[in-house]
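First the structure, in the form of structure tokens, and then the observations on it.
The values are calculated or read from the model by the stated rules, or taken from the named source; none is laboratory data. Please read all numbers here as calculations on a predicted model, not as lab measurements. Neighbour counts run over all protein chains shown; Cβ positions are idealised from the backbone, glycine included. Accessible surface areas use protein heavy atoms only, side chains included; no ligands, DNA or RNA. Shrake-Rupley method; radii C 1.70, N 1.55, O 1.52, S 1.80 Å.
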Amino acid sequence: MKKEQIEIEYSLRSTSPNLIWRIISTEGGLQKWLADDVKAVEDKFFFTWGDEWRHQEKRCANKVECIRHSHIRLRWDDETDPDAYLELRMVHNEMTDGYSLHVTDFALPEDLDSLYDIWEQNFDQLRLNTGL
């Protein structure tokens with residue numbers, strides 16, 4: 001079954017493109033809000049959620065596209081839908097000089113609600129850990 005695309009936009013409390021870019025494109029930035037641990041080796045990102053003493057999930061994503069101060073696109077190694085990816089895009093609003101984070105992700109129709117919940121939790125973690 002083909003996955004459906006979702007797009008979510010989240011307003012950020014920063015006017016610093018450098019800070020936002022680090023949050024969405026580096027292992028240290030992603031670790032603050034997207035996973036418990038992130039390691040980057042060349043064009044691969046290794047994500048870990050949970051801890052080794054209890055439930056732990058690990059996934060690897062390949063960097064498909066990366067344009068500085070614009071977006072990063074990742075594709076999970078275990079992805080079966082050839083059109084699916086995860087994209088984190090920083091969008092500048094010239095009127096307010098502010099930024100928003102635009103997320104594109106994919107899920108099966110029966111998993112859409114839980115994916116929206118996961119992204120809401122990620123945004124809560126982003127705000128809590130970075131003030132953005």
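Please give the direction-averaged projected area of the C-alpha convex hull for the stretch 15-131, in square nanometres with one decimal.
8.3
For the stretch 70-128, what is one quarter of the convex hull surface built on the Cα atoms, given in nm²?
5.4
If a/c stays under 1.5 just call it rounded; otherwise compare a/b with b/c (prolate if a/b is bigger, oblate if not). Do that for the stretch 1-44, with a ≥ b ≥ c from the square roots of the Cα gyration tensor eigenvalues.
oblate
Probe radius 1.4 Å, ligands and nucleic acids ignored: give me the carbon and sulfur share of the accessible area of the stretch 1-130 as a rounded percent.
47
Short version: ³J(HN,Hα) in whole Hz for each residue of the stretch 72-84, in order, from phi by Karplus 6.51 cos²θ - 1.76 cosθ + 1.60 (θ = phi - 60°), x for Gly and Pro, what are they?
Per residue, the Karplus-derived 3J(HN,Hα) values read 10, 10, 10, 10, 5, 4, 8, 6, 9, 7, x, 9, 8 Hz.
Tell me, in nm to one decimal, what length is gained between Lys39 and Thr80 on full extension, where the rule is 0.36 nm per residue of separation less the Cα-Cα distance?
Details: separation 41, 0.36 × 41 = 14.76 nm, distance 2.29 nm.
Difference between extended and current length: 12.5 nm.
How many nm is it between the label spots at Ser70 and Arg127, if each spot is 7 Å from the Cα in line with the beta carbon?
Calculated label separation equals 3.0 nm.
Take the alpha carbon gyration tensor of the stretch 24-77, find the square roots of its eigenvalues, order them as a ≥ b ≥ c, and report rounded if a/c is under 1.5; if not, report prolate when a/b exceeds b/c, else oblate. Don't jump to the answer; show the numbers that get you there.
Details: a/c = 2.72, a/b = 1.80, b/c = 1.51.
Judged from the Cα gyration tensor, the stretch 24-77 comes out prolate (a/c at least 1.5, a/b above b/c).
Compute the angle between helix 112-130 and the longest alpha-carbon principal axis of the chain, please, reported from 0 to 90 degrees and rounded to the nearest 10.
So the inclination is approximately 50 degrees.
With n ≥ 4 as the cut-off for DSSP H runs, can you work out [θ] at 222 nm for the chain, using -39500 (n - 2.57) per run divided by the number of residues, rounded to the nearest 500? Could the numbers behind the result be given before it?
On the way: 3 runs with 33 residues, N = 132.
So the helix-based figure for the chain works out to -7500 deg cm²/dmol.
Nearest 20 debye, what's the magnitude of the dipole of the stretch 1-114 about its Cα centre given +1 on Lys and Arg Cβ and -1 on Asp and Glu Cβ?
480
Rounded to the nearest 0.05, what FRET efficiency do Leu19 and Cys60 give with R0 = 30 Å and r taken as the Cβ-Cβ distance? Could you check? List each step's numbers first, then the result.
Numbers: r = 26 Å, r/R0 = 0.88.
Efficiency for this residue pair is about 0.70.
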